[in-house]
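Here's the structure we're looking at; comments come further down.
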4 protein chains.
Amino acid sequence: MKNTIGQSVAVTLFGESHGEEIGCVIDGLAPGIPVKEDAIAHALSLRRPAGRISTARVESDSFRIVSGVFRGVTTGTPLCILIPNSAKRSTDYENAPRLARPGHADYTAHCKYHGFEDFRGGGHFSGRITAPLVAAGAIAKEALAALGITLGTHISSLGEIRDRDFADLAADFAALNETTFPVLDDARAAAMQEYILAAAGEGDSVGGVLETVVLGMPSGVGEPYFDSVESQLSHMLFSVPAVKGVEFGDGFALTKMRGSEANDPMRAEGNGATTLTNRAGGIYGGITNGAPIVFRTAVKPTPSIYKEQLTVSLDTGKNETLALGGRHDPCIVHRARAVIDAVTALVLCDLLAQRYGTDYLSPKK
Amino acid sequence: MKNTIGQSVAVTLFGESHGEEIGCVIDGLAPGIPVKEDAIAHALSLRRPAGRISTARVESDSFRIVSGVFRGVTTGTPLCILIPNSAKRSTDYENAPRLARPGHADYTAHCKYHGFEDFRGGGHFSGRITAPLVAAGAIAKEALAALGITLGTHISSLGEIRDRDFADLAADFAALNETTFPVLDDARAAAMQEYILAAAGEGDSVGGVLETVVLGMPSGVGEPYFDSVESQLSHMLFSVPAVKGVEFGDGFALTKMRGSEANDPMRAEGNGATTLTNRAGGIYGGITNGAPIVFRTAVKPTPSIYKEQLTVSLDTGKNETLALGGRHDPCIVHRARAVIDAVTALVLCDLLAQRYGTDYLSPKK
Amino acid sequence: MKNTIGQSVAVTLFGESHGEEIGCVIDGLAPGIPVKEDAIAHALSLRRPAGRISTARVESDSFRIVSGVFRGVTTGTPLCILIPNSAKRSTDYENAPRLARPGHADYTAHCKYHGFEDFRGGGHFSGRITAPLVAAGAIAKEALAALGITLGTHISSLGEIRDRDFADLAADFAALNETTFPVLDDARAAAMQEYILAAAGEGDSVGGVLETVVLGMPSGVGEPYFDSVESQLSHMLFSVPAVKGVEFGDGFALTKMRGSEANDPMRAEGNGATTLTNRAGGIYGGITNGAPIVFRTAVKPTPSIYKEQLTVSLDTGKNETLALGGRHDPCIVHRARAVIDAVTALVLCDLLAQRYGTDYLSPKK
Amino acid sequence: MKNTIGQSVAVTLFGESHGEEIGCVIDGLAPGIPVKEDAIAHALSLRRPAGRISTARVESDSFRIVSGVFRGVTTGTPLCILIPNSAKRSTDYENAPRLARPGHADYTAHCKYHGFEDFRGGGHFSGRITAPLVAAGAIAKEALAALGITLGTHISSLGEIRDRDFADLAADFAALNETTFPVLDDARAAAMQEYILAAAGEGDSVGGVLETVVLGMPSGVGEPYFDSVESQLSHMLFSVPAVKGVEFGDGFALTKMRGSEANDPMRAEGNGATTLTNRAGGIYGGITNGAPIVFRTAVKPTPSIYKEQLTVSLDTGKNETLALGGRHDPCIVHRARAVIDAVTALVLCDLLAQRYGTDYLSPKK
């Protein structure tokens, strides 16, 4: 399905870095969900470049909802969000020789689209295209919150610098929602920013790991095998540009444990069961067990760097040396946080609607 | 789509550990692909338990192809493979109290299916259900090989013990194909087996990391965003039981590099380009760049262990202590190798058929 | 998706006329639905050739359910039904020159599969492959009946002979369920059978129209545009071999009415509304309105006839005259009834599960 | 998938009658297809109300392409077309009591969306939402034409008045493309318009049958069973508002023939075969046979009429009498022609891309 994902709640993404507008369509959202423009604006602000650690291209990220909302709530029919590209500088690109940026999609897009691709600013492959997903995710997050399902993501490590672990989830989620640099420990946040600036000073970039926790998902959601919660989440997470790894619960660290340590002991609680640890990240056999869903995504260093790189010309096919100009982020990990939160919320809505039907997310059901 | 995956080449999986037969249907395979029964039998033999490091339940894995093959080649219509469950001992389960095995799907299946699930031996959630995928994958691998696309998987680490890296890929692939314990360095293989036996001796289990390399995929395959090669592969990989992490190229290690190290320098080669390193694992912007596809999957320790564990009864909802009997693997990492190879081959066939059409894998096109 | 259809409840079909077994997999059925083997056997008996008006190839249609049922009810995981091909006579085909039967898929399968198709008895394109759908549909019908949703299909016309209209739906459905020749008026049934025998006597065949009514579907099911109830039903109905037309409500006859006649007047009833007529066949804007769903399918005359026909050889590409031998039906309209009922029930289950969630069809929800 | 359809070439539809903009996203179109704004404008003009036989609400149908086109050709990434709703008069609706229009989706949308739907002018269910499909279809038609695949649709009957049959297809297609009232015989066109005006004079409406022919499709396209060409086309055709019947080839008329008449005799031609008649409408066993694809769609009379009708209030649930005001079409058959052509072209592109790969429709392949 290419640029559409989801079964009961589906998202379709479109747009290019230097097009007139970018946007997405969310289909299958239950009717009656409040659409709060300030919540969308706030989510977009968490994705926006800010200060010295980000690109100088700052978009206003004004947005328009052209369908699917009536009298302030979702109608249940497709909701289209449009975001204008106001800060583009296409003339930067029009006449420049096309040198493939290593690590970026320039070369592979050229292979796939035979040179017809809109290459300006990375075209459809630009990280900019994730902005509409963030807007859509903000609506999904509101719908989940009304059901008591909340989530938050922090930078668990940037290079070798690690944040503290999640502690009081509600408080941590609230704090993360108020900052554009989502780190729980202030001292480590400062160290991380220095680490970014040091790389930026050399025309280089850095990557990091984002850790996400979801609280409140009911047990029994997901499917065996091909539609496991891990499968559906990872499918979406790996569609976020720069993500190169995804692990659930203790993930790769589980491979160094024994079963007796990796298995989460279970105890009766209410009508069901709870686990004393959560090494499985809330998912057994592809299906939620009621514990928090926990996963981490590896975000590679931004490929667009100023340091000289060996590459090829897409025009001539010849070897070239690339010294990139323009406006680029030395780190996108903090900005990617908003995208990870958004796409997670969208997948959770889809999982719930698959399981419990279209109206599950509706205030009137 | 639950137990069906794939767009142009799709697989549907069915069966339970103690049912009469298990199987799968592959649809969308090109017509004319040779179906070699010995290649299927060989692939199944690589998944079969063997020796002291595996369960004592050894299935003959005889299989029957009941559709989709005519005169030794695929017809192009759905191919159904059936494998009988010959070695089941259902009486082990019929009257036993149902205690949820920590780390296994027992509890979540109960939440999802309200107690109607076939719980014997894990039912549909048993690792046994992956056998038909291995059979299907063997056909897919043959079709890929005819196009010059080959792949291999080794245990890159088991606990803290690491295998050597891939070197001569063709030779390494050939060697891996001849052993049920897919480790490239014999001394480390021996160390790993001791590590397994040590855990087994204590009624415990271990996990590990599998590394897969695919050689020969053309560039320009895959889609931006939601159908990126990473998205499609990870979706399938996370549907393999016990997989809790997936990373492409240098994956999580990329988060500790700078961009100048993470980016693969490019040089002209033939009509296209090659990369001097392969930290991206052959995928830029979700699309193949012609370099080998490289990924690693984290396989958690087998959850079925003999050590006493805290759990709950699915019959009474009360707390219980579980001391598991029956026949279980102390390690499934080596057996999971055959499954990872198989599902990788199936996804690659689907990617190629999406890109180049139904007949791409056909000898007559 | 080729041989898989459905979103929440999906069916995958496989097999060939002369293969060892044919079958299907139903996925997404709620857990706990009773699976009555006699109901399946009865449904299959309504599809079976019977008496002088049918082919002499009579299959016993014994069936096996190899997964997805435990202790007599559905588990919620994929249910695979297998039906052996016991009455095949492959030697009829092995060495015969391959002449394309006009009106059949012989030629188009040859174009699509390049000669690799299993052509014996029509292979995967044989009407025989619908038997597993009938078995699957029988389970779906039971699940619907438990919710008060019933359906029935009669031959509304065969050639120029028309059956009477539905009257007392419950009584008519019951009567249709007891006969292999589903006609409501006995005298017209006799006339239709004579009409078939007259054609058969000349080595020819006939077609007819089937009319289906569904009672008890709730209002508000279906989607606008691409997943309208008409779209989803017609997609499935046109996959039944020999169906060449589908109309809902008054269908083509609506094109001769004025709006004032075609519109169904509405009156308040209970918490909703009812319609005084049902020219729309229970569907407004793609969504059920609570009135009975009504549609008709046009079944063309069986293409396999004994009369001489002009055709081409698939072996040589040369012109030939075909004088078909073997065992063929002079009419399949009455047998197609069982298939239409089955696939309708499967689509309805899918529509309900999409709308109300996986468990809607479960006795325990 | 609700408002998204297609596998290799997919369309997502959004918007409401009184929203700011309506639009659609086409994904999977090959790169390099020329996008001619005048061809799109012309297609939209064929859908636009014109003269006395149409509604007085005339939209300018200006459109914007905000993504997926670069330097005048498709990029291969999603193409989003937006059309502003310039001529809406929402105040007509805001304070009116909501009486369900019989035959329209007002009541069923209310059941499905619980009153949250945007009801103004039919909201998402308005025929207006088909305008973006027409724009998208115009691009698809250009891509097909470059491969020698052409199509045309005429009103084969309006009420009891029949047009002449197609004769010289190329000439007929050309003539149809130049008129907003697609009838081949001028005298019958005049009679049809009088028939419309007579109904309009009484505040009533009429329906008709559209017949479509596709020329140039290669043989061997489509799938057995669930993705038959009939299944895929009918799925889309029944998503066009007001379509209540679809038949292929001779359709319902086949049910009155014998097999010897219904079967198309075949003769060798070139490397393949041709049929001497085309009663099957170019499709055998769900797969194209190389003959023209022929189908007819039944378009019911416009449900919005001025005559008094019995209905219910969606506000109070009480019985009411509806005397509709506002601007409505007495006939939409001629306007629906543009929609049928468009969606047909989109399905054909999808069928070809499924079969032959993404690049099949690209000028550079």
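The values are calculated or read from the model by the stated rules, or taken from the named source; none is laboratory data. This one's a predicted model, so the numbers in the text were calculated from it and none came from an experiment. In this analysis, Cβ positions are derived from the backbone assuming ideal geometry, glycine residues included, and neighbour counts consider all displayed protein chains.
Scan the range C:321-360 for residues that are hydroxyl-bearing (Ser, Thr, Tyr) and under 15 Å from C:Ser304 (Cα atoms) and report the count. Number of matching residues: 1. Checking B:Leu351, B:Leu324, B:Leu314 one by one, the residue that is touching an Asp or Glu at 6+ places or on another chain (Cβ under 7 Å) and not polar (S, T, N, Q) is B:Leu314 and no other. Of all the listed residues (B:Ala242, B:Ala253), the sole one being at positive phi and among the small types (Gly, Ala, Ser) is B:Ala242. Against the conditions (1) within 11 Å of another protein chain (Cβ to nearest Cβ); (2) more than 21 Å from D:Pro78 (Cα to Cα), A:Ala41 satisfies every one except (1). Say we look at the range D:287-308 and pick out the residues that are under 25 Å from C:Gly249 (Cα atoms), crowded, with 24+ Cβ neighbours inside 10 Å and facing chain C (nearest Cβ under 7 Å); which of these is farthest from the chain's Cα centre (by Cα)? Ranking the qualifying residues of the range D:287-308, first place goes to D:Ile305. The selection criterion, being surrounded by 24 or more Cβ atoms within 10 Å (Cβ to Cβ), free of Cβ contacts under 8 Å to residues at least 24 places away in the same chain and among the β-branched types (Val, Ile, Thr), does not hold for A:Thr130. When C:Ser205, C:Ser219 are checked against the criterion of being more than 21 Å from C:Val299 (Cα to Cα), at the interface with chain D (Cβ under 7 Å from one of its Cβ atoms), in contact (Cβ under 8 Å) with a residue 24 or more places away in the chain and touching a helix residue (DSSP H, G or I) at 6+ places or on another chain (Cβ under 8 Å), C:Ser219 stands alone in meeting it. Scanning the range A:131-159 for residues that are away from chain D (no Cβ under 14 Å) and of a type outside the set (A, V, I, L, M, F, W, C) gives A:Gly137, A:Lys141, A:Glu142, A:Gly148, A:Thr150, A:Gly152, A:Thr153, A:His154, A:Ser156, A:Ser157, A:Gly159.
If a residue has to be more than 9 Å from chain A (Cβ to nearest Cβ) and under 22 Å from A:Tyr356 (Cβ atoms) to count, how many in the range B:102-119 make the cut? Show your work before the answer.
We begin by selecting, within the range B:102-119, every residue more than 9 Å from chain A (Cβ to nearest Cβ); these are B:115-119.
Filter once more, keeping what is under 22 Å from A:Tyr356 (Cβ atoms): B:115-117.
Residues that pass the stated criteria total 3.
How about the range D:216-227: which of its residues are small (Gly, Ala, Ser), under 13 Å from D:Ile293 (Cβ atoms) and part of a loop (DSSP other than H, G, I, E, B)?
Going through the range D:216-227, the residues small (Gly, Ala, Ser) turn out to be D:216, D:219-220, D:222.
Okay, now just the ones that are also under 13 Å from D:Ile293 (Cβ atoms), so D:216, D:219, D:222.
Answer for the range D:216-227, where residues must be small (Gly, Ala, Ser), under 13 Å from D:Ile293 (Cβ atoms) and part of a loop (DSSP other than H, G, I, E, B): D:Gly216, D:Ser219.
Taking the conditions exactly as written (within 24 Å of D:Arg128 (Cβ to Cβ), among the hydrophobic types (A, V, I, L, M, F, W, C) and in contact (Cβ under 8 Å) with a residue 12 or more places away in the chain), does D:Ala342 satisfy them or not? So D:Ala342 fits the description; yes.
Taking each residue of the range A:43-70 that is farther than 17 Å from A:Phe181 by Cα and at pLDDT 75 or above and looking for partners that are part of a helix (DSSP H, G or I) and among the acidic types (Asp, Glu) with beta-carbon atoms closer than 9 Å, six or more apart or interchain, yields A:Phe63/A:Glu37; A:Ile65/A:Glu37. Checked against the criterion of being farther than 30 Å from B:His114 by Cα and under 15 Å from the mean Cα position of the chain (by Cα), the range A:181-202 contains one or more residues that satisfy it.
Inside the range C:1-12, residues that are assigned to a strand (DSSP E or B) and either small (Gly, Ala, Ser) or within 7 Å of chain B (Cβ to nearest Cβ) (or both) make up a count of 3.
When D:Glu178, D:Glu194 are checked against the criterion of being acidic (Asp, Glu), more than 8 Å from chain C (Cβ to nearest Cβ) and under 22 Å from D:Arg47 (Cβ atoms), a single residue qualifies: D:Glu178. Out of all the residues in the range C:143-166, is one or more at pLDDT 95 or above, under 19 Å from the mean Cα position of the chain (by Cα) and surrounded by fewer than 17 Cβ atoms within 10 Å (Cβ to Cβ)? The answer is yes, given that some residue of the range C:143-166 is at pLDDT 95 or above, under 19 Å from the mean Cα position of the chain (by Cα) and surrounded by fewer than 17 Cβ atoms within 10 Å (Cβ to Cβ). Being assigned to a loop (DSSP other than H, G, I, E, B), crowded, with 22+ Cβ neighbours inside 10 Å and facing chain B (nearest Cβ under 8 Å) is true of A:Ser239. The lone criterion from (1) without any contact (Cβ under 8 Å) to a residue 24 or more places away in the chain; (2) more than 7 Å from chain A (Cβ to nearest Cβ); (3) outside any strand (DSSP E or B); (4) of a type in the set (S, T, N, Q) left unmet by B:Thr255 is number (2). Scoring A:Thr344 on the criteria (1) facing chain B (nearest Cβ under 9 Å); (2) touching a strand residue (DSSP E or B) at 6+ places or on another chain (Cβ under 9 Å) leaves a single failure, condition (1). Of the residues making up the range C:258-286, those that are acidic (Asp, Glu) and more than 7 Å from chain D (Cβ to nearest Cβ) are C:Glu261, C:Glu269. Looking only at residues in the range A:302-330 that are closer than 18 Å to A:Ile196 by Cα and not hydroxyl-bearing (Ser, Thr, Tyr), which one is modelled with the lowest pLDDT? Applying the filter and picking the extreme gives A:Arg327. Here B:Glu230, B:Glu247 are screened, and the one residue that is among the charged types (D, E, K, R), outside any helix (DSSP H, G or I) and at the interface with chain A (Cβ under 7 Å from one of its Cβ atoms) is B:Glu247.
For (1) crowded, with 24+ Cβ neighbours inside 10 Å; (2) closer than 21 Å to C:Asp329 by Cβ, each residue gets a yes or a no:
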residue	(1), (2)
D:Val209	no, no
D:Gly216	no, no
D:Ser219	no, no
D:Lys256	no, yes
D:Asn263	yes, yes
D:Arg267	no, no
D:Tyr284	yes, yes
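Checking each residue in the range B:143-164 for being free of Cβ contacts under 8 Å to residues at least 40 places away in the same chain and either on the phi > 0 side of the Ramachandran plot or part of a helix (DSSP H, G or I) (or both) picks out only B:Ala145. From the set of residues in the range A:109-142 that are more than 22 Å from the chain's Cα centre (by Cα) and not in a loop (DSSP other than H, G, I, E, B), which is farthest from D:Asp27 (Cα to Cα)? Ranking the candidates gives A:Arg120 first.
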